[in-house]
1. Identify the residue in the range 366-396 that is in contact with a helix residue (DSSP H, G or I) (Cβ under 8 Å, 6 or more places away or on another chain) and within 16 Å of the ligand (Cβ to nearest atom) and, among all such residues, is nearest to residue 334 (Cα to Cα).
2. Are there any pairs with C-beta distances below 7 angstrom linking a residue in the range 244-262 that is part of a helix (DSSP H, G or I) to a residue that is more than 7 Å from the ligand (Cβ to nearest atom), with the two at least 6 apart or on different chains, and if so which?
3. Can you confirm whether the range 273-284 contains a residue that is modelled with pLDDT of 95 or more, within 15 Å of the ligand (Cβ to nearest atom), at positive phi and outside any helix (DSSP H, G or I)?
4. Tally time: how many residues in the range 226-243 are touching a residue at least 40 places away in the same chain (Cβ under 8 Å) and near the ligand (Cβ under 10 Å from one of its atoms)?
5. Please state which one of 287, 345, 323 is in contact with a strand residue (DSSP E or B) (Cβ under 9 Å, 6 or more places away or on another chain), away from the ligand (no atom under 14 Å from the Cβ) and assigned to a helix (DSSP H, G or I).
6. Return only the number of the condition from (1) free of Cβ contacts under 8 Å to residues at least 60 places away in the same chain; (2) surrounded by fewer than 21 Cβ atoms within 10 Å (Cβ to Cβ); (3) more than 30 Å from residue 128 (Cβ to Cβ) that residue 78 does not satisfy.
7. Can you confirm whether residue 336 is away from the ligand (no atom under 16 Å from the Cβ), surrounded by 21 or more Cβ atoms within 10 Å (Cβ to Cβ) and not assigned by TED's automatic domain parsing to the domain that holds residue 222?
8. Answer yes or no: is there a residue in the range 200-219 that is more than 20 Å from residue 166 (Cα to Cα), within 12 Å of the ligand (Cβ to nearest atom), modelled with pLDDT of 95 or more and buried (at least 17 other Cβ atoms within 10 Å of the Cβ).
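The values are calculated or read from the model by the stated rules, or taken from the named source; none is laboratory data. For clarity, every value in this text was computed on a predicted model and none was experimentally measured. Quick reminder, even Gly has a Cβ in these numbers, built from the backbone with ideal geometry, and neighbours come from all protein chains shown.
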Ligand code: UDX
């Protein structure tokens, strides 16, 4: 068995690029592959093509060390690697709930003919249960190399904390069918396991399910507290106090119990939908029908935010100027996939307001998708002349903002806090009308 296997990482998006860099940081020789030449050129020259704190420094360090390289050649990857990590995306299919498996299938089929004897292919992408079994069959039928095998190792990293989550994960899950596959995976994660990090070994089906089950649980927890926010709105309760009181119950815990505009991003929304679609195919759709409600609660928060803003403006957006703080789906990210903030901003713009937005990292991405919205280079510039300010992504620079900076430039001191992350007392003392989701 290889003491320190040579690793390849196929697909250099958020997951793959981070995995490649972190495995090199842990001392492995790593070759990353992407079919997009521009991504490879960018990474090879030390540029991370997306915003992820800490990653650019580690990329440069490991390029300099000579342990990390990038290529577009499957032939090179096949010849190099003992263990190949598949990290390509599985987006939601257009017009359907199911996951689009095009990239997983294409990358797998491109890799297999080039594998060396004894290579291990490790799926990390989030996939519908049954994918690993299907790919293992295909590998057995089509590989020309001897003793090649498949394993499944789901990834749980959060954007914004991707480096930390990869170097020191909560747990490792190995879906395996042989002792040899387990031994190779243990060698590939040796430095992480030594921390120590718990390892759960299981069959393929369970390994694939752990990922979607975790995301379904997190989404449910967020929608639970957001459902409580709806009830608080009807009873004049305060969901932030409710959440705090619940959090002291150690069986419940306070994480992912933050009420606001709800979840977005490239994982939670599409993963719960793909999970429901797969459950339908498996004939157990009833088991996951609650996720439909989780999704519906989540989307209702966006509609409620639009209503609250309109109400605060006296019943109409027509002719008003709305400043939006935040475009990314969460702070410390430039990701705008299924972003609640951008969804709200564009809905308000389409209802007749002039929306002017600022985000510390996601403006370029937002401009590409929503060129109809106005963009400014700071919160104060976005706020200039605004009839209302909407706080939609809780970046630290917004959370710690001094209200007086905005007081000096807005037309009306009205703010709606879509993330329950500002201090109401501070804003009210500065003369603002402060409103928020789920609290008076
Ligand atoms: C998520 C999972 O956490 C991660 O394990 C998985 O690998 C990928 O999906 P990520 O999409 O990066 O990670 O974001 P996360 O930090 O989980 O936040 C998801 C969304 O939930 C964000 O839009 C965030 O604003 C929202 N959220 C989170 C809440 O609305 N309330 C909370 O209490 C927590």
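1. Ranking the qualifying residues of the range 366-396, first place goes to 366.
2. Matching pairs, first to second residue: 246/252; 247/253; 247/254.
3. Within the range 273-284 (the criterion being modelled with pLDDT of 95 or more, within 15 Å of the ligand (Cβ to nearest atom), at positive phi and outside any helix (DSSP H, G or I)), the answer is no, since none of the residues qualifies.
4. 1
5. Numbers: 287 fails: in contact with a strand residue (DSSP E or B) (Cβ under 9 Å, 6 or more places away or on another chain); 323 fails: assigned to a helix (DSSP H, G or I).
None of the other options fit; the residue is 345.
6. Going through the list (1) free of Cβ contacts under 8 Å to residues at least 60 places away in the same chain; (2) surrounded by fewer than 21 Cβ atoms within 10 Å (Cβ to Cβ); (3) more than 30 Å from residue 128 (Cβ to Cβ), residue 78 breaks only (3).
7. Working: away from the ligand (no atom under 16 Å from the Cβ): no; surrounded by 21 or more Cβ atoms within 10 Å (Cβ to Cβ): yes; not assigned by TED's automatic domain parsing to the domain that holds residue 222: yes.
Answer is no for this residue.
8. Just the residues of the range 200-219 that are more than 20 Å from residue 166 (Cα to Cα), to begin with: 202-206, 216-217, 219.
When the remaining residues are screened for being within 12 Å of the ligand (Cβ to nearest atom), the result is 216-217, 219.
With modelled with pLDDT of 95 or more added as a condition, the list becomes 216-217, 219.
After this cut, where a residue has to be buried (at least 17 other Cβ atoms within 10 Å of the Cβ) as well, the list is 216, 219.
Yes, the conditions are met somewhere in the range 200-219.
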